[in-house]
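The values are calculated or read from the model by the stated rules, or taken from the named source; none is laboratory data. Being a predicted model, the structure only gives us computed values, none of them experimental. All Cβ positions, glycine included, derive from the backbone under ideal geometry; neighbour counts span all protein chains shown.
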Amino acid sequence: MKFRLIPAALLSVVALTLTGCSASNGDNVTGTDDSLSSVLDSGTLTIGTEGTYRPFSFHEDGSGELTGYDVEVARAVAAELGVDAAFEETQWDAIFAGLTAGRWDTIANQVSITPKRLEAYEFSTPYTYSTGVIVVPTDNTSITSFESLDGLTTAQSLTSNWNTLATESGATVEAVEGWAQSVTLVEQGRVDATVNDKLTFLDYQKSTGAEGLKIAAETEDRSESAFAFAKDRTALADAVSEALATLRKDGTLAELSDKYFGADVSQ
């Protein structure tokens, strides 16, 4: 029989949770947060994810084991908590409804922290940081900022926020379905540039080499992605944040970042 060792920091969180239970006679209606203690008691952290979102959550070769950056981070977090990681796959449109309904304890699927989401959900500290970038051929020296796009042509999906950024920067947009088409047009010299998420470019560069492309400029603002929890599940969110701090300190997050992106995207 194997015994799970629970870190002292987690024990203190559990103690605070149990103290709250005592004060409220264990009645969840009064606001008791048993989110951490229930996970530790069950021995399983249940995680909602898409399973179709490469390189964050996907099946190798389409039908292999579930893997990806977010999946491996989630498994490492569960190990720090001393529990098993169990993944429940669902479509993005249903992932928050499943969280609210209690079908999973948390979401690991590159969930960006936004003011609107902060009103409805709890979040851990971020484990992914990214920016918007302009991708151009390596020999391009004229595009050095978003202002440089004025009067030039970029390839963008019209439904993306990157299309808005490119248009606001003065670019003429050639409509495409997604990243694959846009980067192909840049490589072929049919457009001047494309604007997208830095993680998307790093993944493409890591998997293909992409020696003919470079990042010409980045947005000043960064997006932050974290584990999401149902509202008032603060004890579990705090414990996951502590686990992430340990994984950041011991180099695990940097190692996983380098594996999938060739760069540390965890800080």
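Is it true that some residue in region 25-34 is in contact with a strand residue (DSSP E or B) (Cβ under 9 Å, 6 or more places away or on another chain), surrounded by 15 or more Cβ atoms within 10 Å (Cβ to Cβ) and at pLDDT 90 or above? No, region 25-34 has no match at all.
Restricting region 161-177 to residues that are within 25 Å of the chain's Cα centre (by Cα) and in a helix (DSSP H, G or I), the residue that is modelled with the lowest pLDDT is ASN161.
Selection within region 65-116: residues that are aromatic (Phe, Trp, Tyr) and at pLDDT 95 or above. The member of this set that is nearest to SER266 (Cα to Cα) is TYR69. The set of residues in region 71-105 being among the acidic types (Asp, Glu) and over 15 Å from GLU255 (Cβ atoms) consists of ASP84, GLU88, GLU89, ASP93, ASP105. Pairs meeting the criteria (first residue in region 35-52 and over 24 Å from GLN110 (Cα atoms), second residue hydroxyl-bearing (Ser, Thr, Tyr) and buried (at least 16 other Cβ atoms within 10 Å of the Cβ), beta carbons under 7 Å, at least 6 apart or on different chains) are SER37/THR17.
Residues of region 55-74 that are surrounded by fewer than 19 Cβ atoms within 10 Å (Cβ to Cβ) and within 15 Å of the chain's Cα centre (by Cα): THR67 alone. So which of GLU211, GLU119, GLU177 is acidic (Asp, Glu), under 29 Å from SER266 (Cβ atoms) and without any contact (Cβ under 8 Å) to a residue 40 or more places away in the chain? Going through GLU211, GLU119, GLU177 in turn, just one is acidic (Asp, Glu), under 29 Å from SER266 (Cβ atoms) and without any contact (Cβ under 8 Å) to a residue 40 or more places away in the chain: GLU119. At least 2 residues being under 28 Å from VAL173 (Cα atoms) is the threshold, and among the strands (runs of 3 or more DSSP E) wholly inside region 98-146 those reaching it are 106-112, 128-130, 132-137. Scanning region 129-159 for residues that are over 21 Å from LYS214 (Cα atoms) and among the polar types (S, T, N, Q) returns a single hit, THR159.
Pairing residues of region 81-106 that are touching a residue at least 24 places away in the same chain (Cβ under 8 Å) and on the phi > 0 side of the Ramachandran plot with residues that are in a loop (DSSP other than H, G, I, E, B) and surrounded by fewer than 20 Cβ atoms within 10 Å (Cβ to Cβ), at Cβ distances under 7 Å and at least 6 apart in sequence or on separate chains, gives GLY82/ARG4; GLY82/LEU5; GLY82/ILE6.
Could we say that LYS249 is out of contact with any helix residue (DSSP H, G or I) (no Cβ under 9 Å at 6 or more places or on another chain), within 27 Å of THR46 (Cβ to Cβ) and of a type in the set (Lys, Arg) here? Answer is yes for this residue. The single condition from (1) surrounded by 15 or more Cβ atoms within 10 Å (Cβ to Cβ); (2) touching a Gly at 6+ places or on another chain (Cβ under 9 Å); (3) within 17 Å of THR131 (Cα to Cα) that ALA230 fails is (3).
Summed over region 91-117, the residues that are β-branched (Val, Ile, Thr) and within 19 Å of PHE58 (Cβ to Cβ) give a count of 4. When ALA235, ALA180, ALA243 are screened for being assigned by TED's automatic domain parsing to the domain that holds ASP70, more than 18 Å from VAL73 (Cβ to Cβ), small (Gly, Ala, Ser) and assigned to a helix (DSSP H, G or I), only ALA235 passes.
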